[in-house]
Amino acid sequence: MTDTDTYEIFLVAPPGLEPVLADEARAAGFATPTASPGGVTIHGDWAEVWRANLTLRGATRVLVRLGSFRAFHLAQLDKRARKFPWGDVLRADIPVRVEAVCKRSKIYHHKAAAQRVETAIRETLGATISKDAALVLKVRIDDNLVTISLDTSGDSLHKRGYKTATGKAPMRETLAALFLNAAGYDGQEPVLDPMCGSGTFLIEAAEMSVGLLPGRARHFAFEHLASFDAEAFAKMKTATRVQVAEAPPRFFGSDRNAGAIANSQQNAEAAGVAPLTHFTEAAISDLERPDAPPGLVIVNPPYGGRIGNKKLLFALYGTLGKVLMERFAGWRVAIITSDGGLAKATGLPFLPPGPPVDHGGTKVKLYQTSQLP
Ligand SMILES: C[S@@+](CC[C@H](N)C(=O)[O-])C[C@H]1O[C@@H](n2cnc3c(N)ncnc32)[C@H](O)[C@@H]1O
(Lines give C-alpha, C1' and ligand atoms only; values in the text may rest on other atoms or scores of the structure.)
Protein backbone atom coordinates (compact mmCIF):
# COMPACT_ATOMS: atom_id res chain seq x y z
CA MET A 1 0.00 0.00 0.00
CA THR A 2 1.18 3.53 -0.67
CA ASP A 3 -0.27 6.80 0.52
CA THR A 4 -1.97 7.27 -2.86
CA ASP A 5 -4.17 4.20 -2.28
CA THR A 6 -7.87 4.85 -2.20
CA TYR A 7 -9.75 3.47 0.76
CA GLU A 8 -13.34 2.97 1.66
CA ILE A 9 -13.93 5.47 4.46
CA PHE A 10 -16.93 5.15 6.79
CA LEU A 11 -18.20 8.29 8.52
CA VAL A 12 -20.17 7.22 11.59
CA ALA A 13 -23.43 9.19 11.99
CA PRO A 14 -26.25 9.21 14.53
CA PRO A 15 -28.95 6.88 13.11
CA GLY A 16 -31.62 9.01 11.43
CA LEU A 17 -29.22 11.74 10.32
CA GLU A 18 -27.10 9.77 7.82
CA PRO A 19 -28.56 11.64 4.78
CA VAL A 20 -27.73 14.99 6.43
CA LEU A 21 -24.11 13.91 6.90
CA ALA A 22 -24.03 12.61 3.30
CA ASP A 23 -25.10 16.08 2.13
CA GLU A 24 -22.39 17.71 4.24
CA ALA A 25 -19.74 15.34 2.83
CA ARG A 26 -20.97 16.01 -0.73
CA ALA A 27 -20.86 19.77 -0.21
CA ALA A 28 -17.31 19.43 1.14
CA GLY A 29 -16.24 17.65 -2.05
CA PHE A 30 -15.74 14.11 -0.75
CA ALA A 31 -16.04 11.35 -3.35
CA THR A 32 -19.29 9.38 -3.73
CA PRO A 33 -20.96 9.86 -0.33
CA THR A 34 -23.49 7.08 0.19
CA ALA A 35 -25.69 6.92 3.28
CA SER A 36 -26.42 3.55 4.92
CA PRO A 37 -27.65 2.65 8.41
CA GLY A 38 -25.22 4.14 10.94
CA GLY A 39 -23.14 6.25 8.59
CA VAL A 40 -21.92 7.42 5.22
CA THR A 41 -19.35 5.75 2.96
CA ILE A 42 -16.91 7.87 0.97
CA HIS A 43 -13.68 7.02 -0.84
CA GLY A 44 -10.29 8.65 -0.62
CA ASP A 45 -6.62 8.46 0.34
CA TRP A 46 -5.07 9.22 3.74
CA ALA A 47 -5.21 12.96 3.13
CA GLU A 48 -8.97 12.61 2.67
CA VAL A 49 -9.14 10.70 5.96
CA TRP A 50 -7.41 13.62 7.71
CA ARG A 51 -9.65 16.11 5.94
CA ALA A 52 -12.81 14.22 6.94
CA ASN A 53 -11.73 14.23 10.60
CA LEU A 54 -10.65 17.86 10.52
CA THR A 55 -13.52 19.43 8.58
CA LEU A 56 -16.76 17.44 8.81
CA ARG A 57 -18.97 18.76 11.59
CA GLY A 58 -21.52 15.95 11.63
CA ALA A 59 -19.37 12.81 11.69
CA THR A 60 -19.09 11.04 15.05
CA ARG A 61 -15.89 9.25 13.96
CA VAL A 62 -14.05 8.25 10.80
CA LEU A 63 -13.22 4.59 10.13
CA VAL A 64 -10.93 3.37 7.34
CA ARG A 65 -11.34 -0.06 5.83
CA LEU A 66 -7.88 -1.59 5.55
CA GLY A 67 -8.78 -4.88 3.94
CA SER A 68 -10.69 -8.13 4.21
CA PHE A 69 -10.21 -11.88 3.88
CA ARG A 70 -12.22 -15.05 4.49
CA ALA A 71 -11.76 -17.12 7.64
CA PHE A 72 -13.87 -20.10 8.57
CA HIS A 73 -12.09 -21.05 11.80
CA LEU A 74 -9.70 -19.49 14.31
CA ALA A 75 -6.57 -21.20 12.95
CA GLN A 76 -7.32 -19.72 9.53
CA LEU A 77 -7.92 -16.28 11.07
CA ASP A 78 -4.61 -16.61 12.88
CA LYS A 79 -2.75 -17.57 9.67
CA ARG A 80 -4.29 -14.86 7.50
CA ALA A 81 -3.94 -12.16 10.17
CA ARG A 82 -0.21 -12.94 10.27
CA LYS A 83 0.02 -12.29 6.53
CA PHE A 84 -1.81 -8.96 6.75
CA PRO A 85 0.52 -6.03 5.91
CA TRP A 86 0.17 -4.31 9.34
CA GLY A 87 3.39 -2.36 8.86
CA ASP A 88 1.83 -0.37 5.98
CA VAL A 89 -0.48 1.34 8.45
CA LEU A 90 0.49 0.62 12.06
CA ARG A 91 3.76 1.48 13.79
CA ALA A 92 5.75 -0.89 15.98
CA ASP A 93 6.17 1.81 18.65
CA ILE A 94 2.47 2.68 19.00
CA PRO A 95 0.23 0.44 21.17
CA VAL A 96 -2.99 -0.80 19.65
CA ARG A 97 -6.20 -2.46 20.82
CA VAL A 98 -8.44 -4.80 18.83
CA GLU A 99 -12.24 -4.96 19.06
CA ALA A 100 -14.07 -7.75 17.25
CA VAL A 101 -17.69 -8.56 16.44
CA CYS A 102 -18.92 -11.80 14.87
CA LYS A 103 -22.14 -12.27 12.95
CA ARG A 104 -23.55 -15.25 11.03
CA SER A 105 -20.07 -16.82 10.97
CA LYS A 106 -18.37 -20.08 11.95
CA ILE A 107 -16.11 -17.99 14.18
CA TYR A 108 -18.57 -16.83 16.81
CA HIS A 109 -16.35 -16.01 19.79
CA HIS A 110 -15.46 -12.33 19.41
CA LYS A 111 -12.91 -12.28 22.23
CA ALA A 112 -11.01 -15.23 20.76
CA ALA A 113 -11.10 -13.54 17.33
CA ALA A 114 -9.74 -10.27 18.75
CA GLN A 115 -7.04 -12.14 20.62
CA ARG A 116 -5.87 -13.94 17.42
CA VAL A 117 -5.53 -10.64 15.58
CA GLU A 118 -3.76 -9.00 18.54
CA THR A 119 -1.27 -11.86 18.69
CA ALA A 120 -0.64 -11.58 14.93
CA ILE A 121 0.06 -7.85 15.26
CA ARG A 122 2.31 -8.30 18.29
CA GLU A 123 4.32 -11.14 16.78
CA THR A 124 4.64 -9.91 13.17
CA LEU A 125 4.92 -6.14 13.71
CA GLY A 126 6.20 -5.97 17.27
CA ALA A 127 3.55 -3.46 18.45
CA THR A 128 2.34 -3.60 22.05
CA ILE A 129 -1.26 -4.57 22.71
CA SER A 130 -2.85 -2.46 25.43
CA LYS A 131 -6.43 -2.00 26.58
CA ASP A 132 -5.71 1.74 27.00
CA ALA A 133 -4.21 2.15 23.52
CA ALA A 134 -5.20 5.28 21.61
CA LEU A 135 -5.42 3.27 18.37
CA VAL A 136 -8.39 0.93 17.95
CA LEU A 137 -8.57 -1.67 15.22
CA LYS A 138 -12.05 -2.97 14.46
CA VAL A 139 -12.47 -6.53 13.22
CA ARG A 140 -15.86 -7.47 11.89
CA ILE A 141 -16.56 -11.07 10.93
CA ASP A 142 -19.77 -11.30 8.94
CA ASP A 143 -20.74 -14.34 6.89
CA ASN A 144 -17.15 -15.64 7.41
CA LEU A 145 -15.69 -12.51 5.83
CA VAL A 146 -13.19 -10.75 8.10
CA THR A 147 -13.09 -6.99 7.55
CA ILE A 148 -10.37 -4.95 9.24
CA SER A 149 -10.99 -1.27 9.87
CA LEU A 150 -9.20 1.36 11.85
CA ASP A 151 -10.74 4.12 13.95
CA THR A 152 -8.80 7.15 12.76
CA SER A 153 -10.50 9.66 15.09
CA GLY A 154 -9.71 8.47 18.63
CA ASP A 155 -11.94 10.52 20.92
CA SER A 156 -15.42 11.01 19.46
CA LEU A 157 -15.41 13.97 17.07
CA HIS A 158 -18.02 15.85 19.08
CA LYS A 159 -15.10 16.66 21.37
CA ARG A 160 -13.92 19.71 19.49
CA GLY A 161 -11.14 20.28 21.99
CA TYR A 162 -12.01 23.71 23.36
CA LYS A 163 -15.24 23.29 25.34
CA THR A 164 -14.56 23.96 28.99
CA ALA A 165 -18.00 24.47 30.50
CA THR A 166 -21.07 22.26 30.14
CA GLY A 167 -24.36 22.36 31.98
CA LYS A 168 -27.00 19.67 32.24
CA ALA A 169 -27.92 17.72 29.09
CA PRO A 170 -25.73 19.59 26.61
CA MET A 171 -26.23 18.68 22.99
CA ARG A 172 -23.26 17.01 21.33
CA GLU A 173 -21.58 19.36 18.87
CA THR A 174 -21.86 16.80 16.06
CA LEU A 175 -25.60 16.44 16.63
CA ALA A 176 -26.08 20.21 16.93
CA ALA A 177 -24.30 20.73 13.60
CA LEU A 178 -26.43 18.07 11.89
CA PHE A 179 -29.65 19.61 13.25
CA LEU A 180 -28.51 23.06 12.06
CA ASN A 181 -27.94 21.63 8.58
CA ALA A 182 -31.23 19.70 8.67
CA ALA A 183 -32.97 22.98 9.59
CA GLY A 184 -31.49 24.56 6.46
CA TYR A 185 -28.97 26.83 8.19
CA ASP A 186 -27.04 28.46 5.36
CA GLY A 187 -24.09 29.87 7.29
CA GLN A 188 -25.22 33.43 6.66
CA GLU A 189 -28.46 34.09 8.54
CA PRO A 190 -28.61 35.06 12.23
CA VAL A 191 -29.31 32.26 14.72
CA LEU A 192 -31.04 32.54 18.08
CA ASP A 193 -31.35 29.94 20.85
CA PRO A 194 -33.58 31.14 23.71
CA MET A 195 -32.67 28.17 25.98
CA CYS A 196 -29.04 27.99 25.01
CA GLY A 197 -27.57 26.00 27.94
CA SER A 198 -23.84 25.82 27.17
CA GLY A 199 -24.34 27.56 23.81
CA THR A 200 -23.69 24.57 21.55
CA PHE A 201 -26.00 25.52 18.64
CA LEU A 202 -24.77 29.10 18.55
CA ILE A 203 -21.08 28.27 18.71
CA GLU A 204 -21.43 25.62 16.00
CA ALA A 205 -23.40 28.04 13.80
CA ALA A 206 -20.90 30.87 14.37
CA GLU A 207 -17.99 28.57 13.48
CA MET A 208 -19.79 27.45 10.33
CA SER A 209 -20.44 31.04 9.32
CA VAL A 210 -16.77 32.00 9.37
CA GLY A 211 -15.32 28.64 8.27
CA LEU A 212 -13.56 27.70 11.51
CA LEU A 213 -12.74 23.99 11.30
CA PRO A 214 -14.34 21.78 13.95
CA GLY A 215 -11.13 19.77 14.45
CA ARG A 216 -8.70 22.68 14.64
CA ALA A 217 -8.03 22.36 18.38
CA ARG A 218 -7.76 18.61 18.93
CA HIS A 219 -5.68 15.58 18.14
CA PHE A 220 -6.67 12.48 16.17
CA ALA A 221 -5.74 8.81 16.27
CA PHE A 222 -4.45 9.00 12.67
CA GLU A 223 -1.53 11.09 13.94
CA HIS A 224 -0.11 7.79 15.28
CA LEU A 225 -0.21 5.92 11.97
CA ALA A 226 2.67 4.99 9.67
CA SER A 227 0.90 6.89 6.87
CA PHE A 228 0.82 10.20 8.81
CA ASP A 229 2.72 13.15 7.38
CA ALA A 230 2.81 15.84 10.07
CA GLU A 231 4.02 18.54 7.69
CA ALA A 232 1.33 17.89 5.09
CA PHE A 233 -1.36 17.83 7.80
CA ALA A 234 -0.10 21.09 9.33
CA LYS A 235 -0.37 22.64 5.83
CA MET A 236 -3.94 21.35 5.49
CA LYS A 237 -4.78 23.01 8.81
CA THR A 238 -3.18 26.39 8.07
CA ALA A 239 -4.61 26.56 4.54
CA THR A 240 -8.03 26.86 6.12
CA ARG A 241 -7.20 29.03 9.14
CA VAL A 242 -9.41 32.09 9.57
CA GLN A 243 -9.31 35.12 11.81
CA VAL A 244 -12.62 36.18 13.34
CA ALA A 245 -13.08 39.91 12.87
CA GLU A 246 -15.15 42.18 15.10
CA ALA A 247 -18.64 42.45 13.61
CA PRO A 248 -22.20 43.03 14.86
CA PRO A 249 -23.34 39.87 16.67
CA ARG A 250 -25.41 37.43 14.63
CA PHE A 251 -25.67 34.60 17.14
CA PHE A 252 -27.97 35.30 20.05
CA GLY A 253 -28.32 33.12 23.14
CA SER A 254 -30.43 33.46 26.24
CA ASP A 255 -31.29 31.21 29.15
CA ARG A 256 -32.97 31.86 32.46
CA ASN A 257 -30.06 30.23 34.25
CA ALA A 258 -27.15 32.62 34.97
CA GLY A 259 -24.68 29.70 35.11
CA ALA A 260 -25.69 28.66 31.60
CA ILE A 261 -25.00 32.15 30.28
CA ALA A 262 -21.58 32.19 31.94
CA ASN A 263 -20.84 28.77 30.39
CA SER A 264 -21.94 29.90 26.93
CA GLN A 265 -19.79 33.01 27.15
CA GLN A 266 -16.77 31.01 28.27
CA ASN A 267 -17.25 28.42 25.51
CA ALA A 268 -17.70 31.07 22.82
CA GLU A 269 -14.49 32.74 23.95
CA ALA A 270 -12.60 29.43 23.99
CA ALA A 271 -13.88 28.70 20.46
CA GLY A 272 -12.79 32.14 19.27
CA VAL A 273 -16.27 33.24 18.17
CA ALA A 274 -17.22 35.50 21.11
CA PRO A 275 -17.25 38.68 18.94
CA LEU A 276 -20.05 37.17 16.86
CA THR A 277 -22.22 36.12 19.80
CA HIS A 278 -24.42 37.87 22.32
CA PHE A 279 -25.67 36.11 25.46
CA THR A 280 -28.27 37.39 27.92
CA GLU A 281 -29.85 35.98 31.05
CA ALA A 282 -33.58 35.94 30.34
CA ALA A 283 -36.59 33.71 30.78
CA ILE A 284 -38.45 32.75 27.63
CA SER A 285 -41.33 35.08 28.51
CA ASP A 286 -38.88 38.05 28.39
CA LEU A 287 -37.30 37.06 25.08
CA GLU A 288 -36.80 40.04 22.77
CA ARG A 289 -36.46 40.06 19.02
CA PRO A 290 -32.82 40.96 18.26
CA ASP A 291 -31.85 43.88 16.09
CA ALA A 292 -30.90 41.69 13.11
CA PRO A 293 -32.46 40.39 9.89
CA PRO A 294 -34.77 37.37 10.36
CA GLY A 295 -32.98 34.04 10.61
CA LEU A 296 -33.29 30.73 12.42
CA VAL A 297 -34.49 30.09 15.98
CA ILE A 298 -33.14 26.70 17.06
CA VAL A 299 -33.75 25.31 20.52
CA ASN A 300 -33.91 22.12 22.48
CA PRO A 301 -36.11 22.95 25.45
CA PRO A 302 -36.19 20.70 28.51
CA TYR A 303 -38.42 17.68 28.00
CA GLY A 304 -38.00 16.08 31.43
CA GLY A 305 -39.37 12.70 32.31
CA ARG A 306 -41.07 13.12 35.65
CA ILE A 307 -44.85 13.17 35.57
CA GLY A 308 -45.02 16.05 38.06
CA ASN A 309 -43.20 18.27 35.58
CA LYS A 310 -45.53 17.62 32.67
CA LYS A 311 -47.94 20.46 33.35
CA LEU A 312 -45.10 22.94 33.74
CA LEU A 313 -43.48 21.67 30.57
CA PHE A 314 -46.69 22.08 28.55
CA ALA A 315 -46.96 25.63 29.88
CA LEU A 316 -43.31 26.33 29.01
CA TYR A 317 -43.77 25.09 25.42
CA GLY A 318 -46.98 27.11 25.18
CA THR A 319 -45.13 30.27 26.24
CA LEU A 320 -42.27 29.53 23.83
CA GLY A 321 -44.69 29.17 20.89
CA LYS A 322 -46.66 32.27 21.83
CA VAL A 323 -43.55 34.45 22.21
CA LEU A 324 -42.13 33.27 18.89
CA MET A 325 -45.43 33.78 17.04
CA GLU A 326 -45.85 37.28 18.49
CA ARG A 327 -42.28 38.58 18.22
CA PHE A 328 -40.49 36.58 15.51
CA ALA A 329 -42.41 37.11 12.27
CA GLY A 330 -40.18 36.20 9.32
CA TRP A 331 -37.93 33.86 11.35
CA ARG A 332 -37.91 30.07 10.93
CA VAL A 333 -38.17 27.89 14.03
CA ALA A 334 -36.51 24.51 14.69
CA ILE A 335 -37.32 22.72 17.94
CA ILE A 336 -35.67 19.48 19.02
CA THR A 337 -37.80 17.57 21.49
CA SER A 338 -38.74 14.04 22.47
CA ASP A 339 -42.46 14.57 22.76
CA GLY A 340 -44.81 15.32 19.87
CA GLY A 341 -47.42 16.50 22.39
CA LEU A 342 -45.01 19.14 23.73
CA ALA A 343 -44.17 20.27 20.18
CA LYS A 344 -47.89 20.58 19.51
CA ALA A 345 -48.34 22.62 22.70
CA THR A 346 -46.28 25.43 21.13
CA GLY A 347 -49.08 26.00 18.62
CA LEU A 348 -46.40 26.62 15.97
CA PRO A 349 -47.14 25.63 12.34
CA PHE A 350 -44.67 22.72 12.07
CA LEU A 351 -43.89 20.87 8.87
CA PRO A 352 -43.82 17.04 9.22
CA PRO A 353 -41.11 16.18 11.83
CA GLY A 354 -37.76 14.59 11.02
CA PRO A 355 -36.88 10.96 11.91
CA PRO A 356 -36.25 9.91 15.55
CA VAL A 357 -32.63 10.48 16.61
CA ASP A 358 -30.97 9.26 19.79
CA HIS A 359 -29.92 12.08 22.14
CA GLY A 360 -28.43 10.80 25.39
CA GLY A 361 -30.68 7.73 25.41
CA THR A 362 -33.88 9.60 24.46
CA LYS A 363 -35.34 9.67 20.97
CA VAL A 364 -35.79 13.24 19.78
CA LYS A 365 -37.15 14.69 16.55
CA LEU A 366 -36.61 17.95 14.72
CA TYR A 367 -39.80 20.00 14.36
CA GLN A 368 -39.39 22.94 12.01
CA THR A 369 -41.51 25.67 10.52
CA SER A 370 -41.27 27.77 7.40
CA GLN A 371 -40.89 31.53 7.97
CA LEU A 372 -43.41 32.59 10.62
CA PRO A 373 -46.17 34.88 9.35
C1 LIG B 1 -31.86 20.86 27.38
S2 LIG B 1 -31.12 22.33 27.92
C3 LIG B 1 -30.43 23.04 26.46
C4 LIG B 1 -29.03 22.53 26.22
C5 LIG B 1 -28.31 23.28 25.13
N6 LIG B 1 -28.88 23.03 23.82
C7 LIG B 1 -26.84 22.88 25.14
O8 LIG B 1 -26.35 22.31 24.16
O9 LIG B 1 -26.15 23.08 26.15
C10 LIG B 1 -32.48 23.38 28.26
C11 LIG B 1 -32.16 24.76 28.80
O12 LIG B 1 -33.39 25.48 28.94
C13 LIG B 1 -33.24 26.40 30.01
N14 LIG B 1 -34.59 26.84 30.45
C15 LIG B 1 -35.54 26.11 31.06
N16 LIG B 1 -36.65 26.85 31.26
C17 LIG B 1 -36.41 28.07 30.75
C18 LIG B 1 -37.16 29.28 30.63
N19 LIG B 1 -38.40 29.36 31.10
N20 LIG B 1 -36.60 30.34 30.01
C21 LIG B 1 -35.34 30.26 29.52
N22 LIG B 1 -34.57 29.16 29.62
C23 LIG B 1 -35.09 28.07 30.21
C24 LIG B 1 -32.47 25.61 31.04
O25 LIG B 1 -31.80 26.48 31.95
C26 LIG B 1 -31.50 24.79 30.17
O27 LIG B 1 -30.25 25.43 30.07
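Figures for the structure shown
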quantity: Gained length - Arg104 relative to Asp5, 0.36 nm times residue gap less alpha-carbon distance; calculated: 32.6 nm
quantity: Point-to-point label distance, Asp45-Thr124, nm (Cα→Cβ direction, 7 Å offset); calculated: 2.5 nm
quantity: Table column - 3J(HN,Hα) (Hz), segment 322-338, Karplus curve with 6.51, -1.76, 1.60, x for Gly and Pro; calculated: 5, 4, 5, 4, 6, 10, 10, 4, x, 8, 9, 10, 10, 10, 10, 8, 8
quantity: Along principal axes, Cα extents of the chain, largest first, whole Å; calculated: 70, 46, 35
quantity: Proximal charge balance of Leu137 [Cβ under 9 Å; K/R count +1, D/E count -1]; calculated: -1
quantity: Most mobile of Gly211, Gly360, Gly87 in a GNM of the chain (Cα contacts under 10 Å); calculated: Gly360
quantity: Linear extension gain, Gln266 paired with Ser156, 0.36 nm per residue minus alpha-carbon span; calculated: 37.4 nm
quantity: Longest to shortest principal axis, alpha-carbon extents of segment 93-203, angstrom; calculated: 56, 33, 26
quantity: Pairs of Cα atoms farther than 11 Å apart, segment 249-290, %; calculated: 61 percent
quantity: Selected from Arg116, Arg26, Arg104 as most flexible by GNM, with the chain as the system and alpha-carbon contacts under 10 Å; calculated: Arg104
quantity: Degrees between helix 200-210 axis and first principal axis of the chain (Cα, 0 to 90, nearest 10); calculated: 80 degrees
quantity: In Å, descending, principal axis extents of the Cα set of segment 177-267; calculated: 50, 28, 26
quantity: Segment 265-334 - percent of accessible surface contributed by carbon and sulfur, probe 1.4 Å; calculated: 56 percent
quantity: Neighbour-limited loop hits for GluC sites (Glu not before Pro), segment 96-133 (at most 10 other Cβ within 10 Å; DSSP other than H, G, I, E, B); calculated: none
quantity: Folded to 0 to 90 degrees: helix 110-125 orientation relative to the chain principal axis, Cα; calculated: 60 degrees
quantity: Net lengthening on full extension, Thr32/Asn257 (0.36 nm per residue, minus Cα-Cα); calculated: 76.5 nm
quantity: Long-range amide H partners of Trp331 with built H, under 5 Å; calculated: Leu372
quantity: Degrees between helix 74-83 axis and first principal axis of the chain (Cα, 0 to 90, nearest 10); calculated: 90 degrees
quantity: Cα→Cβ-extended label distance, 7 Å offset, between Gln188 and Ala234, nm; calculated: 3.7 nm
quantity: Protection proxy ranking, peptides 14-24, 153-163, 49-59, average beta carbon neighbours within 10 Å, highest first; calculated: 49-59, 14-24, 153-163
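The values are calculated or read from the model by the stated rules, or taken from the named source; none is laboratory data. The structure presented is a predicted model; accordingly, all values stated were derived computationally and were not measured. Every residue, glycine among them, receives a Cβ derived from its backbone with ideal geometry; neighbour counts consider all protein chains shown. We work out accessible area using only protein heavy atoms, side chains counted, and drop any ligands, DNA or RNA first. Shrake-Rupley method; radii C 1.70, N 1.55, O 1.52, S 1.80 Å.
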